[in-house]
1. Condition first: more than 13 Å from the ligand (Cβ to nearest atom) and open to solvent by less than 10 Å² (accessible area, probe 1.4 Å). Now tell me which residues in region 256-279 satisfy that.
2. Which one of these is closer than 21 Å to Phe5 by Cβ, modelled with pLDDT under 95, open to solvent by less than 50 Å² (accessible area, probe 1.4 Å) and more than 17 Å from the chain's Cα centre (by Cα): Leu223, Leu246?
3. Condition test on Leu288, is it open to solvent by 20 Å² or more (accessible area, probe 1.4 Å) and either in contact with a Phe, Trp or Tyr (Cβ under 6 Å, 6 or more places away or on another chain) or modelled with pLDDT under 95 (or both)?
4. Restricting region 360-374 to residues that are modelled with pLDDT of 95 or more and surrounded by fewer than 24 Cβ atoms within 10 Å (Cβ to Cβ), which is farthest from the ligand (Cβ to nearest atom)?
5. Since Pro313 meets every condition but one in (1) open to solvent by 10 Å² or more (accessible area, probe 1.4 Å); (2) in contact (Cβ under 8 Å) with a residue 60 or more places away in the chain, which condition does it not meet?
6. Residue check: is Val179 in contact with a strand residue (DSSP E or B) (Cβ under 6 Å, 6 or more places away or on another chain), touching a residue at least 12 places away in the same chain (Cβ under 8 Å), among the β-branched types (Val, Ile, Thr) and assigned to a strand (DSSP E or B)?
Amino acid sequence: MGMTFPAEHVASYYAATANPSPERPALEGTVDCDVCVVGAGFTGISAALHLAEQGIKVVVLEGARVGFGASGRNGGQIVNSYSRDMDVIEANHGVDTARALGDMAFEGNRIIRERVAHYGIDCDLKDGNLFAACNAKQLKGLREHKALWERFGHRELELLEDAAVKREVGSERYVGALVDHSGGHLHPLNLVLGQAAAVESLGEVIYERSPVTELVQGAPVELVTPRGRVRATRVVMAGNAYLDRLIPELAGKSMPCGTQIVTTAPLEASRARQLLPNDMAVEDCNYLLDYFRLTSDNRLLYGGGVNYGGQDPANIEAVIRPKLAKTFPDLSDVKIDYAWSGNFLMTLNRLPQFGVLGDNVYYAQGYSGHGVTCSHLAGRLIAEVMSGRDERFDAFAGLPHLPFPGGRMLRVPLSALGAWYYRTRDALGV
Ligand SMILES: Cc1cc2nc3c(=O)[nH]c(=O)nc-3n(C[C@H](O)[C@H](O)[C@H](O)COP(=O)(O)OP(=O)(O)OC[C@H]3O[C@@H](n4cnc5c(N)ncnc54)[C@H](O)[C@@H]3O)c2cc1C
């Protein structure tokens with residue numbers, strides 16, 4: 001069983017400021033194709049675009065609207081690399097795997113920029129993001145992080161210590177920061193809508209409001225929607241946290257997590273510049289992290305909080321406003337115009353899950369909170385493996401992934417305990 005999909009995007013700042021985009025029809029009747037992509041987020045649309053560029057006939061099935069999932073509602077931060085860093089990958093999976101993944105750690109970012117330039121996508125792309133340290137231990141971690149990324153060839157990092165962090169963030173909360181000048185931020189819904197239009201410009205078809213309710217493996221694979229059916233030689237499963245339990249093998253090794261975002265009313269331009277003088281995106285170094293940035297119309301977009309299991313909290317503003325006020329006390333009474341929640345997919349080792357079911361159902365999921373760049377890399381690697389170049393896809397597919405202890409039912413209470421543990425660690429600065 002999969003989840004129930006609504007007909008529209010959630011009400012968010014992004015949905016309210018989306019570039020004009022057509023409503024796509026729902027699938028009716030039977031369609032044959034080379035590749036069927038399930039899910040029109042960054043993973044699915046990025047894969048579809050890479051495949052379409054190679055002249056492969058693609059059909060995309062989206063349960064709700066293009067960008068309905070995490071890709072259309074996230075923090076918009078272009079964060080390089082993965083949710084686990086290369087030293088941990090090296091310690092757990094060996095030098096060769098770390099080298100292979102390290103060589104790809106900055107590629108998703110480049111793919112996004114190439115797409116934006118090549119297809120002329122208007123998505124408020126800005127340069128620069130930073131990781132802000134709340135205490136000395138986190139700052140030490142950032143120093144190590146810088147050395148590690150430099151080992152993998154990344155040269156655009158700058159460490160800001162003590163008062164220097166004020167150059168980038170007008171808050172008393174931080175004792176330092178690591179700036180990644182090659183990172184950045186953007187309007188994620190417009191990025192995915194722009195790439196979807198590019199897929200269509202190459203002659204491929206995207207169906208909306210067409211949830212896959214059943215997948216029958218075989219040759220061809222059959223994908224069933226409420227009013228139609230696709231027969232595909234190969235399939236890309238790109239439903240991530242919204243795939244729910246459609247494919248038990250994928251659900252068992254991952255956990256949907258919710259995180260919430262608010263967007264303030266537009267601020268005076270001068271006030272906005274006091275908060276973030278060079279318009280960089282910020283995430284702090286806590287396990288349960290806060291992340292924020294300015295939008296192109298000078299709103300503060302502020303996210304944080306993680307609820308494991310992915311149920312939306314009743315009052316999002318009540319969850320996020322105290323965090324925002326802790327970072328920027330002057331904004332404690334600011335008007336909030338939008339508040340929404342979205343689900344990302346966590347894996348136990350925080351590394352993404354790539355693989356193939358049978359010999360023709362490919363998947364990529366579970367970027368564990370940092371998926372804007374890695375989902376774009378995933379799309380390219382899926383297109384590569386489908387055209388016989390399997391080395392880079394296999395570097396990810398070879399990573400071992402364990403099921404969550406206790407399975408689905410136990411995951412929520414267990415992880416609630418985990419959230420408490422991490423909150424306590426963050427508070428103590430250990
Ligand atoms: C609130 C929030 C903030 C975040 N902030 C950041 C950030 O700042 N930086 C960063 O790097 N990462 C961030 N992330 C993570 C990032 O957004 C995700 O990792 C990434 O967007 C995942 O892309 P995806 O295409 O794999 O999944 P999604 O974007 O979730 O797309 C999956 C799509 O599949 C569809 N689907 C699912 N099942 C079916 C089915 N059975 N049939 C048809 N369609 C189906 C869904 O409707 C959905 O559109 C954030 C996530 C959230 C939720």
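The values are calculated or read from the model by the stated rules, or taken from the named source; none is laboratory data. Everything numeric here is computed off the predicted structure, so don't read it as measured data. Glycine also receives a Cβ, built like all others from the backbone with ideal geometry; neighbour counts cover every protein chain displayed. Note: areas computed on protein heavy atoms with side chains; ligands, DNA, RNA excluded. Shrake-Rupley method; radii C 1.70, N 1.55, O 1.52, S 1.80 Å.
1. Matches in region 256-279: Thr264, Ala272, Leu275, Leu276.
2. When all the criteria are applied, what remains is Leu246.
3. On the way: open to solvent by 20 Å² or more (accessible area, probe 1.4 Å): yes; either in contact with a Phe, Trp or Tyr (Cβ under 6 Å, 6 or more places away or on another chain) or modelled with pLDDT under 95 (or both): yes.
It is true that Leu288 is open to solvent by 20 Å² or more (accessible area, probe 1.4 Å) and either in contact with a Phe, Trp or Tyr (Cβ under 6 Å, 6 or more places away or on another chain) or modelled with pLDDT under 95 (or both).
4. Of the residues in region 360-374, the ones modelled with pLDDT of 95 or more are 360-367, 371-374.
When the remaining residues are screened for being surrounded by fewer than 24 Cβ atoms within 10 Å (Cβ to Cβ), the result is 360-361.
Details: Asn360: 18, Val361: 13 Å.
Applying the filter and picking the extreme gives Asn360.
5. All conditions pass for Pro313, except number (2).
6. Working: in contact with a strand residue (DSSP E or B) (Cβ under 6 Å, 6 or more places away or on another chain): yes; touching a residue at least 12 places away in the same chain (Cβ under 8 Å): yes; among the β-branched types (Val, Ile, Thr): yes; assigned to a strand (DSSP E or B): yes.
Criteria met by Val179.
Every residue, every condition in (1) in a strand (DSSP E or B); (2) more than 15 Å from the ligand (Cβ to nearest atom); (3) touching an Asp or Glu at 6+ places or on another chain (Cβ under 9 Å), yes or no:
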residue: Ala197; (1), (2), (3): no, yes, no
residue: Ile206; (1), (2), (3): yes, no, yes
residue: Ala219; (1), (2), (3): no, yes, yes
residue: Val230; (1), (2), (3): yes, no, yes
residue: Val235; (1), (2), (3): yes, no, no
residue: Tyr242; (1), (2), (3): no, no, no
residue: Glu249; (1), (2), (3): no, no, no
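Residues checked against (1) more than 18 Å from Gln365 (Cα to Cα); (2) touching a residue at least 24 places away in the same chain (Cβ under 8 Å); (3) surrounded by fewer than 24 Cβ atoms within 10 Å (Cβ to Cβ):
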residue: Ala40; (1), (2), (3): no, yes, no
residue: Ile45; (1), (2), (3): no, yes, no
residue: Ala48; (1), (2), (3): no, yes, no
residue: Glu53; (1), (2), (3): yes, yes, yes
residue: Val58; (1), (2), (3): yes, yes, no
residue: Leu61; (1), (2), (3): no, yes, no
residue: Ala64; (1), (2), (3): yes, yes, yes
